[in-house]
Amino acid sequence: MSTDGERLATWLEDLGLADALAEAGLPTFTRDSSGRAVWSEPDRVPELDRALRGQGSEPEHAVPVALVLLARQARLRTELLESPWFTYETLAEVRGASVDATRYAVHKAAQTHRLLVVPVDERVVVPAFQLGSDGEVRPEVAPLLEPLLAAGMDPWRAWAWLTQPAALTLGQAPEKAVTDPEMADLVRHAALRLAEHLPDVES
């Protein structure tokens, strides 16, 4: 492997971005038994190097912003999946219903924008934050879900927005802040405004 390929591989490893290459649809590399970088598409290494270092006025100090965002998104998805969630089967147990009935209810609620379901591999999961102890949607969360989901917000982004601490809500996650009578209106308004501007934000 060329010196350029080795240098690029080491740079990406130092930035912690090597694993983001595949998700971005870019050439990837592995290390052989001697520790040398072996690229999947060695002919594209110079092109890849130029593209990743093409940010800003000092290419030698550039950071591949797109890869940073992809890596951050991957980390966030991992964190979200480490939080509680249900499958049709486990939600059926909580609701005391059949799996078929639960699947139908979940689909119906999702279609009417009253339940967030998130695709994971070849299945869907139902994040637990939005549900009460009976397995039904929390009434205070429904007004946040409806505008965001009706506007077509990416399910992963909706999950993150609703459950991650935010400056707007004084460091609380919106799904928790909405239970505070003094903050509920602010959180509901924020969800409506975000939904209104969603086409601009996600374009």
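Some observations on this one:
- Between R50 and T30, the simple spin-label model (points 7 angstrom out along Cα→Cβ) gives 2.9 nm.
- Counting neighbouring beta carbons within 10 Å and listing from fewest to most, the residues D154, D121 come out as D121, D154.
- For the pair D154 and E136, the difference between a 0.36 nm per residue extended length and the Cα-Cα distance amounts to 4.3 nm.
- Which labelled figure in (1) 58, 32, 29; (2) 44, 40, 31; (3) 60, 39, 26 is Cα extents along the principal axes in Å, once derived from the coordinates: (3)
- The slack in the chain from T112 to R7, taken as 0.36 nm per residue of separation less the alpha-carbon distance, amounts to 32.7 nm.
- Taking label points 7 Å from Cα along the Cα-to-Cβ direction, D43 and E182 give a separation of 6.6 nm.
- With Cα atoms defining each centre, segment 85-151 and segment 1-51 are spaced 41 Å apart in the structure.
- Extension gain from H197 to L81, taking 0.36 nm per residue of separation minus the Cα-Cα distance: 39.1 nm
Each value in this text was obtained by applying a stated rule to the coordinates, not by laboratory testing. Just so it is clear, the model here is predicted, and its values are computed rather than measured. Glycine also receives a Cβ, built like all others from the backbone with ideal geometry; neighbour counts cover every protein chain displayed.
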